[in-house]
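Reviewing the structure listed below.
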Amino acid sequence: MASLSVPASLSGGTDPLVRLVETLESSPAMYLADSGLASYPGAAELRVALGTLVAEQRDVLARAANVIADRELPLPQAAFPIAFTAWHDVDLRHLVPRVIESLKRQAAEFTTLAGAGGDAAAGDLAGRAREIADRHAEQLAGLLMRLRAGLAGRPA
Amino acid sequence: MQFFDSHCHLDPMRYGAELPDVLARARAAGVVGMIVIGTRATDSEAAAGLAAAEPGLAAAAGIHPNDTAEAGPDEWGRIVRLAESGRVAAVGETGLDWYRTTAPADTQRDFFDRHIRLAQRLGLPLVIHTRESIRDTLDMLHAAVSRGPLVPVLHSFTGTAAEAAEAIDLGCFLGFAGMVTFRSAASLREVARTVPLDRLLIETDSPFLTPEPFRGRRNEPAHVVHTARCLALARGEPLDAFAAATTANARRVFRQAATA
(Lines give C-alpha, C1' and ligand atoms only; values in the text may rest on other atoms or scores of the structure.)
Protein backbone atom coordinates (compact mmCIF):
# COMPACT_ATOMS: atom_id res chain seq x y z
CA MET A 1 0.00 0.00 0.00
CA ALA A 2 1.07 3.59 -0.45
CA SER A 3 2.60 5.33 2.49
CA LEU A 4 0.96 8.72 2.06
CA SER A 5 -0.16 10.17 5.34
CA VAL A 6 -3.53 11.81 5.87
CA PRO A 7 -3.18 15.59 5.87
CA ALA A 8 -4.50 17.48 8.85
CA SER A 9 -7.30 18.94 6.74
CA LEU A 10 -8.64 15.48 6.04
CA SER A 11 -7.82 13.65 9.23
CA GLY A 12 -10.27 13.01 12.02
CA GLY A 13 -12.77 11.27 9.76
CA THR A 14 -14.73 14.39 8.79
CA ASP A 15 -14.58 13.94 5.02
CA PRO A 16 -16.98 11.15 3.95
CA LEU A 17 -14.68 9.82 1.24
CA VAL A 18 -11.75 9.73 3.64
CA ARG A 19 -13.84 7.93 6.22
CA LEU A 20 -14.99 5.45 3.60
CA VAL A 21 -11.43 4.69 2.49
CA GLU A 22 -10.06 4.50 6.03
CA THR A 23 -12.84 2.20 7.18
CA LEU A 24 -12.37 -0.22 4.30
CA GLU A 25 -8.58 -0.16 4.27
CA SER A 26 -8.21 -0.88 7.99
CA SER A 27 -10.80 -3.66 8.08
CA PRO A 28 -10.18 -7.25 9.23
CA ALA A 29 -11.06 -8.62 5.78
CA MET A 30 -8.56 -6.32 4.09
CA TYR A 31 -5.88 -7.38 6.58
CA LEU A 32 -6.52 -11.05 5.92
CA ALA A 33 -6.28 -10.46 2.18
CA ASP A 34 -3.23 -8.25 2.48
CA SER A 35 -1.34 -10.79 4.55
CA GLY A 36 -2.20 -13.66 2.22
CA LEU A 37 -5.62 -15.32 2.46
CA ALA A 38 -4.18 -18.55 1.09
CA SER A 39 -1.88 -18.87 4.08
CA TYR A 40 -4.68 -19.04 6.66
CA PRO A 41 -5.87 -22.48 7.62
CA GLY A 42 -9.55 -23.24 7.24
CA ALA A 43 -12.26 -24.20 4.80
CA ALA A 44 -11.66 -23.24 1.17
CA GLU A 45 -15.23 -21.91 0.96
CA LEU A 46 -14.40 -19.25 3.57
CA ARG A 47 -11.26 -18.27 1.72
CA VAL A 48 -13.18 -17.87 -1.53
CA ALA A 49 -15.98 -15.88 0.13
CA LEU A 50 -13.50 -13.53 1.79
CA GLY A 51 -11.65 -13.11 -1.49
CA THR A 52 -14.87 -12.09 -3.24
CA LEU A 53 -15.72 -9.63 -0.47
CA VAL A 54 -12.30 -7.99 -0.64
CA ALA A 55 -12.38 -7.81 -4.44
CA GLU A 56 -15.68 -5.93 -4.32
CA GLN A 57 -14.42 -3.62 -1.58
CA ARG A 58 -11.23 -2.94 -3.52
CA ASP A 59 -13.36 -1.90 -6.49
CA VAL A 60 -15.07 0.67 -4.26
CA LEU A 61 -11.67 1.80 -2.98
CA ALA A 62 -10.39 2.24 -6.53
CA ARG A 63 -13.42 4.34 -7.46
CA ALA A 64 -13.00 6.42 -4.30
CA ALA A 65 -9.31 6.91 -5.12
CA ASN A 66 -10.25 8.20 -8.58
CA VAL A 67 -12.66 10.74 -7.09
CA ILE A 68 -10.05 11.86 -4.56
CA ALA A 69 -7.46 12.16 -7.32
CA ASP A 70 -9.88 14.20 -9.48
CA ARG A 71 -10.24 16.56 -6.53
CA GLU A 72 -6.44 16.78 -6.34
CA LEU A 73 -6.41 15.62 -2.76
CA PRO A 74 -3.91 13.16 -1.29
CA LEU A 75 -5.07 9.59 -0.89
CA PRO A 76 -5.66 8.77 2.76
CA GLN A 77 -3.75 5.84 4.22
CA ALA A 78 -5.17 3.90 7.11
CA ALA A 79 -3.12 1.61 9.33
CA PHE A 80 -4.23 -1.82 10.50
CA PRO A 81 -4.61 -2.25 14.27
CA ILE A 82 -1.59 -4.09 15.63
CA ALA A 83 -3.91 -6.63 17.26
CA PHE A 84 -4.58 -8.08 13.80
CA THR A 85 -1.00 -9.37 13.68
CA ALA A 86 -1.91 -11.91 16.37
CA TRP A 87 -4.30 -13.66 13.99
CA HIS A 88 -1.77 -15.52 11.91
CA ASP A 89 -2.34 -19.21 11.61
CA VAL A 90 -5.71 -18.96 13.34
CA ASP A 91 -8.32 -20.98 11.47
CA LEU A 92 -10.61 -18.82 9.33
CA ARG A 93 -13.57 -20.40 11.11
CA HIS A 94 -12.50 -18.39 14.20
CA LEU A 95 -11.68 -15.22 12.25
CA VAL A 96 -14.77 -14.93 10.06
CA PRO A 97 -17.01 -13.94 13.02
CA ARG A 98 -14.70 -10.93 13.49
CA VAL A 99 -15.11 -10.08 9.83
CA ILE A 100 -18.90 -10.32 10.13
CA GLU A 101 -18.90 -8.03 13.19
CA SER A 102 -16.80 -5.51 11.32
CA LEU A 103 -19.07 -5.66 8.26
CA LYS A 104 -22.05 -4.85 10.47
CA ARG A 105 -20.22 -1.86 11.91
CA GLN A 106 -19.23 -0.80 8.40
CA ALA A 107 -22.82 -1.04 7.20
CA ALA A 108 -23.98 1.27 9.98
CA GLU A 109 -21.20 3.76 9.24
CA PHE A 110 -21.80 3.69 5.49
CA THR A 111 -25.52 4.24 6.05
CA THR A 112 -24.64 7.41 7.92
CA LEU A 113 -22.19 8.50 5.22
CA ALA A 114 -24.65 7.77 2.42
CA GLY A 115 -27.35 9.82 4.12
CA ALA A 116 -25.12 12.76 5.00
CA GLY A 117 -25.78 14.62 1.73
CA GLY A 118 -23.68 17.34 0.16
CA ASP A 119 -21.28 14.99 -1.65
CA ALA A 120 -23.04 12.97 -4.32
CA ALA A 121 -20.01 10.87 -5.27
CA ALA A 122 -19.26 9.97 -1.66
CA GLY A 123 -22.92 9.17 -1.04
CA ASP A 124 -23.05 6.90 -4.06
CA LEU A 125 -19.89 5.00 -3.05
CA ALA A 126 -21.02 4.74 0.56
CA GLY A 127 -24.31 3.27 -0.61
CA ARG A 128 -22.47 0.71 -2.70
CA ALA A 129 -20.11 -0.10 0.20
CA ARG A 130 -23.09 -0.54 2.52
CA GLU A 131 -24.74 -2.94 0.11
CA ILE A 132 -21.53 -4.99 -0.10
CA ALA A 133 -21.15 -5.06 3.69
CA ASP A 134 -24.76 -6.10 4.27
CA ARG A 135 -24.73 -8.80 1.60
CA HIS A 136 -21.41 -10.35 2.59
CA ALA A 137 -22.19 -10.26 6.31
CA GLU A 138 -25.28 -12.31 5.58
CA GLN A 139 -23.51 -14.66 3.17
CA LEU A 140 -20.57 -15.27 5.50
CA ALA A 141 -22.87 -15.91 8.44
CA GLY A 142 -24.81 -18.42 6.36
CA LEU A 143 -21.66 -20.11 5.15
CA LEU A 144 -20.30 -20.35 8.68
CA MET A 145 -23.56 -21.94 9.83
CA ARG A 146 -23.43 -24.49 7.02
CA LEU A 147 -19.81 -25.32 7.79
CA ARG A 148 -20.60 -25.80 11.45
CA ALA A 149 -23.49 -28.06 10.50
CA GLY A 150 -21.26 -30.01 8.15
CA LEU A 151 -23.20 -28.89 5.09
CA ALA A 152 -20.46 -27.00 3.28
CA GLY A 153 -20.48 -27.49 -0.49
CA ARG A 154 -24.25 -28.03 -0.63
CA PRO A 155 -26.57 -25.35 -1.98
CA ALA A 156 -27.61 -22.77 0.61
CA MET B 1 26.52 -14.99 10.16
CA GLN B 2 24.87 -16.90 12.98
CA PHE B 3 21.17 -16.92 13.78
CA PHE B 4 19.21 -18.40 16.66
CA ASP B 5 15.62 -19.58 16.26
CA SER B 6 14.32 -19.05 19.78
CA HIS B 7 10.97 -20.79 19.25
CA CYS B 8 10.15 -23.72 16.99
CA HIS B 9 8.10 -26.91 17.18
CA LEU B 10 10.15 -29.69 15.61
CA ASP B 11 8.47 -32.79 16.89
CA PRO B 12 8.28 -35.79 14.55
CA MET B 13 4.50 -35.50 14.23
CA ARG B 14 4.95 -32.23 12.38
CA TYR B 15 8.01 -32.99 10.26
CA GLY B 16 8.25 -36.77 10.17
CA ALA B 17 11.09 -38.17 8.11
CA GLU B 18 11.91 -34.72 6.73
CA LEU B 19 13.29 -33.52 10.06
CA PRO B 20 16.97 -34.27 9.25
CA ASP B 21 16.65 -32.24 6.04
CA VAL B 22 14.92 -29.42 7.93
CA LEU B 23 17.79 -29.31 10.44
CA ALA B 24 20.38 -29.48 7.67
CA ARG B 25 18.77 -26.56 5.84
CA ALA B 26 18.73 -24.55 9.07
CA ARG B 27 22.40 -25.17 9.70
CA ALA B 28 23.25 -24.35 6.09
CA ALA B 29 21.44 -21.03 6.54
CA GLY B 30 23.55 -20.22 9.59
CA VAL B 31 21.05 -21.16 12.29
CA VAL B 32 23.32 -22.30 15.11
CA GLY B 33 20.70 -22.58 17.84
CA MET B 34 17.07 -23.69 18.04
CA ILE B 35 14.78 -23.94 21.05
CA VAL B 36 12.34 -26.80 20.47
CA ILE B 37 9.15 -25.95 22.28
CA GLY B 38 6.73 -28.40 23.87
CA THR B 39 2.99 -27.86 23.98
CA ARG B 40 1.99 -31.07 25.78
CA ALA B 41 3.90 -33.60 27.86
CA THR B 42 4.45 -35.94 24.92
CA ASP B 43 5.99 -33.40 22.56
CA SER B 44 7.94 -31.83 25.43
CA GLU B 45 9.53 -35.22 26.08
CA ALA B 46 10.18 -35.63 22.37
CA ALA B 47 11.75 -32.15 22.26
CA ALA B 48 14.08 -33.08 25.12
CA GLY B 49 15.06 -36.26 23.30
CA LEU B 50 15.71 -34.39 20.07
CA ALA B 51 17.77 -31.76 21.88
CA ALA B 52 19.89 -34.46 23.50
CA ALA B 53 20.61 -35.99 20.11
CA GLU B 54 21.21 -32.90 17.99
CA PRO B 55 23.88 -30.22 18.50
CA GLY B 56 22.60 -26.68 18.74
CA LEU B 57 19.15 -27.69 19.94
CA ALA B 58 17.63 -27.21 23.38
CA ALA B 59 14.13 -27.96 24.60
CA ALA B 60 11.34 -26.28 26.54
CA ALA B 61 8.69 -28.22 28.44
CA GLY B 62 5.16 -26.99 28.96
CA ILE B 63 1.47 -27.21 28.21
CA HIS B 64 0.07 -24.70 25.72
CA PRO B 65 -2.81 -22.61 27.12
CA ASN B 66 -5.21 -23.92 24.47
CA ASP B 67 -4.49 -27.48 25.60
CA THR B 68 -4.84 -26.96 29.34
CA ALA B 69 -8.43 -28.21 29.48
CA GLU B 70 -7.28 -31.63 28.31
CA ALA B 71 -4.26 -31.85 30.61
CA GLY B 72 -4.76 -33.89 33.72
CA PRO B 73 -2.64 -34.15 36.89
CA ASP B 74 -0.48 -36.89 35.41
CA GLU B 75 0.45 -34.76 32.40
CA TRP B 76 1.42 -31.82 34.58
CA GLY B 77 3.49 -34.20 36.69
CA ARG B 78 5.39 -35.28 33.57
CA ILE B 79 6.18 -31.63 32.76
CA VAL B 80 7.47 -31.05 36.30
CA ARG B 81 9.63 -34.17 36.23
CA LEU B 82 11.04 -33.25 32.83
CA ALA B 83 11.83 -29.70 33.96
CA GLU B 84 13.47 -31.01 37.14
CA SER B 85 15.54 -33.52 35.16
CA GLY B 86 17.79 -30.83 33.74
CA ARG B 87 17.01 -31.97 30.18
CA VAL B 88 15.25 -28.74 29.19
CA ALA B 89 16.48 -25.15 28.89
CA ALA B 90 13.13 -23.47 29.57
CA VAL B 91 9.60 -23.90 30.86
CA GLY B 92 6.80 -23.40 28.32
CA GLU B 93 4.96 -22.85 26.07
CA THR B 94 2.53 -21.50 28.59
CA GLY B 95 0.45 -18.35 28.82
CA LEU B 96 -3.05 -17.05 28.15
CA ASP B 97 -5.09 -17.11 24.94
CA TRP B 98 -8.41 -15.31 25.02
CA TYR B 99 -8.89 -15.70 21.30
CA ARG B 100 -9.43 -19.42 21.04
CA THR B 101 -11.69 -20.42 23.86
CA THR B 102 -10.83 -24.11 23.83
CA ALA B 103 -9.82 -23.91 27.49
CA PRO B 104 -11.66 -21.96 30.21
CA ALA B 105 -9.93 -18.79 31.40
CA ASP B 106 -9.60 -20.04 34.98
CA THR B 107 -7.92 -23.24 33.78
CA GLN B 108 -5.48 -21.25 31.63
CA ARG B 109 -4.65 -18.96 34.55
CA ASP B 110 -4.11 -21.93 36.83
CA PHE B 111 -1.67 -23.59 34.41
CA PHE B 112 0.10 -20.32 33.64
CA ASP B 113 0.62 -19.79 37.35
CA ARG B 114 1.96 -23.34 37.76
CA HIS B 115 4.45 -22.81 34.91
CA ILE B 116 5.55 -19.46 36.35
CA ARG B 117 6.21 -20.96 39.77
CA LEU B 118 7.99 -23.97 38.26
CA ALA B 119 10.29 -21.69 36.23
CA GLN B 120 11.01 -19.58 39.27
CA ARG B 121 11.73 -22.61 41.46
CA LEU B 122 14.13 -24.09 38.91
CA GLY B 123 15.65 -20.82 37.69
CA LEU B 124 14.61 -21.50 34.10
CA PRO B 125 13.34 -18.95 31.56
CA LEU B 126 9.61 -18.99 30.89
CA VAL B 127 8.32 -19.10 27.29
CA ILE B 128 4.96 -17.33 27.08
CA HIS B 129 2.18 -17.35 24.49
CA THR B 130 -0.19 -14.42 24.77
CA ARG B 131 -3.00 -13.78 22.29
CA GLU B 132 -5.47 -10.97 22.99
CA SER B 133 -4.47 -11.36 26.63
CA ILE B 134 -1.44 -9.12 27.05
CA ARG B 135 -2.93 -7.10 29.93
CA ASP B 136 -3.74 -10.20 31.96
CA THR B 137 -0.39 -11.75 31.07
CA LEU B 138 1.55 -8.70 32.22
CA ASP B 139 -0.51 -8.50 35.41
CA MET B 140 0.39 -12.10 36.28
CA LEU B 141 4.04 -11.41 35.49
CA HIS B 142 4.03 -8.32 37.72
CA ALA B 143 2.79 -10.54 40.56
CA ALA B 144 5.40 -13.17 39.75
CA VAL B 145 8.41 -10.85 39.69
CA SER B 146 7.30 -9.38 42.99
CA ARG B 147 7.75 -12.88 44.47
CA GLY B 148 11.18 -13.56 42.98
CA PRO B 149 13.42 -13.57 39.91
CA LEU B 150 11.96 -14.63 36.57
CA VAL B 151 13.16 -14.42 32.96
CA PRO B 152 10.02 -14.27 30.80
CA VAL B 153 10.11 -14.58 27.02
CA LEU B 154 7.04 -13.18 25.28
CA HIS B 155 7.11 -15.24 22.12
CA SER B 156 5.70 -14.00 18.84
CA PHE B 157 5.10 -10.57 20.30
CA THR B 158 2.20 -8.58 18.81
CA GLY B 159 1.60 -5.95 21.47
CA THR B 160 1.87 -2.18 21.29
CA ALA B 161 4.99 -0.12 21.96
CA ALA B 162 3.64 0.74 25.41
CA GLU B 163 3.05 -2.92 26.20
CA ALA B 164 6.52 -3.76 24.92
CA ALA B 165 8.01 -1.12 27.19
CA GLU B 166 6.09 -2.45 30.17
CA ALA B 167 7.22 -5.99 29.41
CA ILE B 168 10.84 -4.87 29.11
CA ASP B 169 10.59 -3.08 32.46
CA LEU B 170 9.45 -6.42 33.88
CA GLY B 171 12.59 -8.10 32.55
CA CYS B 172 10.99 -9.75 29.53
CA PHE B 173 12.68 -10.68 26.28
CA LEU B 174 10.47 -10.20 23.22
CA GLY B 175 10.44 -12.70 20.37
CA PHE B 176 9.43 -11.55 16.88
CA ALA B 177 8.20 -14.04 14.32
CA GLY B 178 7.38 -14.12 10.62
CA MET B 179 4.46 -11.71 10.67
CA VAL B 180 6.86 -8.75 10.93
CA THR B 181 7.78 -9.51 7.32
CA PHE B 182 4.24 -9.02 6.04
CA ARG B 183 3.50 -5.89 4.06
CA SER B 184 0.46 -5.33 6.28
CA ALA B 185 2.42 -5.44 9.54
CA ALA B 186 4.01 -1.99 9.45
CA SER B 187 2.68 -1.30 12.94
CA LEU B 188 4.47 -4.35 14.32
CA ARG B 189 7.73 -3.32 12.67
CA GLU B 190 7.32 0.07 14.34
CA VAL B 191 6.98 -1.66 17.71
CA ALA B 192 10.05 -3.80 16.99
CA ARG B 193 12.04 -0.62 16.38
CA THR B 194 11.34 0.46 19.96
CA VAL B 195 12.67 -2.70 21.60
CA PRO B 196 16.22 -2.45 22.98
CA LEU B 197 18.49 -4.74 21.00
CA ASP B 198 19.61 -6.60 24.10
CA ARG B 199 15.99 -7.72 24.75
CA LEU B 200 15.13 -8.87 21.28
CA LEU B 201 14.86 -12.46 20.04
CA ILE B 202 13.99 -13.84 16.64
CA GLU B 203 11.95 -16.96 16.03
CA THR B 204 10.04 -18.91 13.43
CA ASP B 205 7.37 -20.66 15.56
CA SER B 206 7.78 -23.39 12.94
CA PRO B 207 5.77 -24.93 11.44
CA PHE B 208 3.52 -21.86 11.87
CA LEU B 209 3.88 -18.15 11.07
CA THR B 210 5.80 -18.57 7.83
CA PRO B 211 7.52 -15.30 6.82
CA GLU B 212 7.61 -13.67 3.44
CA PRO B 213 8.55 -14.82 0.83
CA PHE B 214 7.40 -18.29 1.87
CA ARG B 215 3.81 -17.54 2.95
CA GLY B 216 1.49 -20.46 2.36
CA ARG B 217 4.21 -23.05 2.91
CA ARG B 218 5.18 -24.89 6.06
CA ASN B 219 7.63 -22.88 8.11
CA GLU B 220 11.04 -24.16 9.24
CA PRO B 221 13.97 -22.75 11.23
CA ALA B 222 16.02 -21.82 8.14
CA HIS B 223 13.43 -19.12 7.45
CA VAL B 224 14.38 -17.20 10.60
CA VAL B 225 17.00 -15.50 8.44
CA HIS B 226 14.23 -13.67 6.56
CA THR B 227 12.64 -12.43 9.77
CA ALA B 228 16.06 -11.25 10.95
CA ARG B 229 16.70 -9.43 7.67
CA CYS B 230 13.34 -7.66 7.84
CA LEU B 231 13.82 -6.62 11.47
CA ALA B 232 17.38 -5.41 10.89
CA LEU B 233 16.17 -3.33 7.95
CA ALA B 234 13.26 -1.89 9.96
CA ARG B 235 15.62 -0.98 12.81
CA GLY B 236 18.31 0.41 10.53
CA GLU B 237 20.93 -2.01 11.81
CA PRO B 238 23.41 -4.09 9.81
CA LEU B 239 22.18 -7.65 9.48
CA ASP B 240 25.41 -9.19 10.79
CA ALA B 241 25.34 -7.08 13.95
CA PHE B 242 21.63 -7.79 14.44
CA ALA B 243 22.15 -11.52 13.96
CA ALA B 244 25.08 -11.57 16.38
CA ALA B 245 23.16 -9.62 19.01
CA THR B 246 20.00 -11.72 18.87
CA THR B 247 22.04 -14.92 18.91
CA ALA B 248 23.91 -13.69 21.98
CA ASN B 249 20.60 -12.76 23.61
CA ALA B 250 19.19 -16.23 23.02
CA ARG B 251 22.29 -17.88 24.43
CA ARG B 252 22.05 -15.63 27.48
CA VAL B 253 18.37 -16.48 28.03
CA PHE B 254 18.54 -20.20 27.30
CA ARG B 255 21.78 -20.81 29.09
CA GLN B 256 21.82 -24.54 28.46
CA ALA B 257 21.35 -24.17 24.71
CA ALA B 258 24.31 -25.64 22.95
CA THR B 259 25.96 -24.25 19.86
CA ALA B 260 26.47 -26.12 16.67
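Taking the condition outside any helix (DSSP H, G or I) and of a type in the set (K, R), does B:R135 pass?
On the way: outside any helix (DSSP H, G or I): no; of a type in the set (K, R): yes.
No: the conditions fail for B:R135.
From the list A:A121, A:A38, A:A114, which residue is in contact (Cβ under 8 Å) with a residue 24 or more places away in the chain and in contact with a helix residue (DSSP H, G or I) (Cβ under 8 Å, 6 or more places away or on another chain)? Explain how you work it out, then say what you get.
Details: A:A38 fails: in contact (Cβ under 8 Å) with a residue 24 or more places away in the chain; A:A114 fails: in contact (Cβ under 8 Å) with a residue 24 or more places away in the chain.
Every option except A:A121 fails the conditions.
Hand me the list of strands (runs of 3 or more DSSP E) wholly inside segment B:1-85 holding 3 or more residues that are β-branched (V, I, T) and in contact with a helix residue (DSSP H, G or I) (Cβ under 9 Å, 6 or more places away or on another chain). Quick ask: steps written out before the conclusion?
Details: elements: B:3-8, B:31-37, B:57-61.
It comes to B:31-37.
Please state which one of B:T130, B:T94, B:T158 is under 25 Å from B:F4 (Cα atoms), under 16 Å from the mean Cα position of the chain (by Cα) and more than 10 Å from every other protein chain (Cβ to nearest Cβ).
Residue meeting the stated conditions: B:T94.
Does segment A:31-42 contain at least one residue that is facing chain B (nearest Cβ under 10 Å), within 11 Å of the chain's Cα centre (by Cα) and of a type outside the set (F, W, Y)?
Step one: of segment A:31-42, the residues facing chain B (nearest Cβ under 10 Å) are A:31-41.
Then keep just the ones that are within 11 Å of the chain's Cα centre (by Cα); that gives A:31-33.
Within this subset, residues satisfying the condition of being of a type outside the set (F, W, Y) are A:32-33.
Yes, the conditions are met somewhere in segment A:31-42.
Of A:T52, A:T112, which residue is open to solvent by 40 Å² or more (accessible area, probe 1.4 Å), away from chain B (no Cβ under 14 Å) and modelled with pLDDT of 95 or more?
Working: A:T112 fails: modelled with pLDDT of 95 or more.
One residue alone meets the criteria, A:T52.
Hey, can you tell me all the residues within segment B:103-124 that are loosely packed, with under 14 Cβ neighbours inside 10 Å and either under 27 Å from A:L92 (Cβ atoms) or within 14 Å of chain A (Cβ to nearest Cβ) (or both)?
Matches in segment B:103-124: B:P104 only.
Inside segment B:137-155, can you point out the residues that are within 14 Å of another protein chain (Cβ to nearest Cβ) and either among the β-branched types (V, I, T) or surrounded by fewer than 23 Cβ atoms within 10 Å (Cβ to Cβ) (or both)?
Just the residues of segment B:137-155 that are within 14 Å of another protein chain (Cβ to nearest Cβ), to begin with: B:137, B:154-155.
Answer for segment B:137-155, where residues must be within 14 Å of another protein chain (Cβ to nearest Cβ) and either among the β-branched types (V, I, T) or surrounded by fewer than 23 Cβ atoms within 10 Å (Cβ to Cβ) (or both): just B:T137.
So is A:R128 among the charged types (D, E, K, R), at pLDDT 95 or above, loosely packed, with under 15 Cβ neighbours inside 10 Å and more than 25 Å from A:A44 (Cα to Cα) or not? Even if it seems obvious, please write down each step before you answer.
Details: among the charged types (D, E, K, R): yes; at pLDDT 95 or above: yes; loosely packed, with under 15 Cβ neighbours inside 10 Å: no; more than 25 Å from A:A44 (Cα to Cα): yes.
No, not satisfied.
Tell me the residue from A:A107, A:A78, A:A122, A:A86 that is surrounded by 13 or more Cβ atoms within 10 Å (Cβ to Cβ), within 14 Å of chain B (Cβ to nearest Cβ) and more than 21 Å from B:S133 (Cα to Cα), please.
Working: A:A107 fails: within 14 Å of chain B (Cβ to nearest Cβ); A:A122 fails: within 14 Å of chain B (Cβ to nearest Cβ); A:A86 fails: more than 21 Å from B:S133 (Cα to Cα).
Exactly one residue qualifies, and that residue is A:A78.
Which residues, counting only those in segment B:70-92, are under 21 Å from B:E54 (Cβ atoms) and open to solvent by less than 40 Å² (accessible area, probe 1.4 Å)?
Filtering segment B:70-92 for residues under 21 Å from B:E54 (Cβ atoms) gives B:82-83, B:85-92.
Result: B:L82, B:A83, B:V88, B:A89, B:A90, B:V91, B:G92.
The values are calculated or read from the model by the stated rules, or taken from the named source; none is laboratory data. This one's a predicted model, so the numbers in the text were calculated from it and none came from an experiment. All Cβ positions, even for glycine, are placed from backbone atoms using ideal geometry, and neighbour counts span all protein chains on display. Note: accessible area is taken over every heavy atom of the protein model, side chains too, but ligands, DNA and RNA are not part of it. Shrake-Rupley method; radii C 1.70, N 1.55, O 1.52, S 1.80 Å.
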